[in-house]
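The values are calculated or read from the model by the stated rules, or taken from the named source; none is laboratory data. As the structure is a prediction and not an experimental result, all values here were calculated from the model. Cβ placement follows ideal geometry from the backbone for every residue including glycine, while neighbour counts extend to all protein chains displayed. SASA here: full protein model, heavy atoms, side chains in, ligands and nucleic acids out. Shrake-Rupley method; radii C 1.70, N 1.55, O 1.52, S 1.80 Å.
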Amino acid sequence: IEIVRQRMGLPPLDDATRDQYWRSILGAAEDMAMATEFVRSHSGKFGVDADRIALGGFSAGAITALNTAYGIGTPVKAVFALSGGVSGYNLFETVQPGMPPALFFVAQNDLEGIQSGTRFAVKALASKGIATEMAWVPGFGHFYPMGAVSLGSEVSRTPVETRILEFLKAKLANEPRE
């Protein structure tokens, strides 16, 4: 956050603004958890399958989605994070077996905090047996278009948008009920 603040010409965080920053991160996750529960409880009205909800976002939105699913433990079916590492929760403490699979994107020249936060999140999820997929976006910094090519760990070359849609299709698929 300090690197971004510096690039924006803002002063470093002090004790008061650091506290506000942490509260906003945790508050954003609580807001997303409440929004998810609202959609789940009104799924019939919205035409949504309450058992097939996914969370995702870019940058701060990705951090919020990760914190909501793996920090707070809001039950969802899948999570995707575009250039959003982890901030606010120690996922080694909060992640539990059986939590949803995750798809992570990081750009080649992304912010170091995003790169290290993503590595931390992937390691924490994997330590509890959570399925993770990683893709990197060559030639870009923190911002990249959805049509940019992403390179996956399985040596695939797929546009970011297509990779997300394929992940969601696979993870949100209707499973036969017994």
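Checking Ala173 against (1) more than 12 Å from the chain's Cα centre (by Cα); (2) buried (at least 18 other Cβ atoms within 10 Å of the Cβ); (3) under 27 Å from Thr36 (Cα atoms), which test does it fail?
(2)
What's the total number of residues in the range 120-142 that are surrounded by 15 or more Cβ atoms within 10 Å (Cβ to Cβ) and outside any loop (DSSP other than H, G, I, E, B)?
11
Among (1) open to solvent by less than 30 Å² (accessible area, probe 1.4 Å); (2) outside any strand (DSSP E or B); (3) out of contact with any Pro (no Cβ under 7 Å at 6 or more places or on another chain), where does Pro75 come up short?
Status for Pro75: all satisfied but (1).
Scanning for something farther than 15 Å from Ser59 by Cβ and in a helix (DSSP H, G or I), does the range 143-151 turn up at least one residue?
No, the range 143-151 contains no residue that is farther than 15 Å from Ser59 by Cβ and in a helix (DSSP H, G or I).
Looking at the structure I just gave you, is Gly9 over 27 Å from Gly152 (Cα atoms), open to solvent by 50 Å² or more (accessible area, probe 1.4 Å) and part of a loop (DSSP other than H, G, I, E, B)?
Numbers: over 27 Å from Gly152 (Cα atoms): yes; open to solvent by 50 Å² or more (accessible area, probe 1.4 Å): yes; part of a loop (DSSP other than H, G, I, E, B): yes.
Yes.
Out of the residues in the range 18-59 that are at pLDDT 95 or above, β-branched (Val, Ile, Thr) and part of a helix (DSSP H, G or I), state the one that is farthest from Val4 (Cα to Cα).
Residue satisfying both the conditions and the ranking: Val39.
Scan the range 90-102 and tell me whether some residue there is modelled with pLDDT under 95, open to solvent by 60 Å² or more (accessible area, probe 1.4 Å), more than 13 Å from the chain's Cα centre (by Cα) and among the acidic types (Asp, Glu).
Within the range 90-102 (the criterion being modelled with pLDDT under 95, open to solvent by 60 Å² or more (accessible area, probe 1.4 Å), more than 13 Å from the chain's Cα centre (by Cα) and among the acidic types (Asp, Glu)), the answer is no, since none of the residues qualifies.
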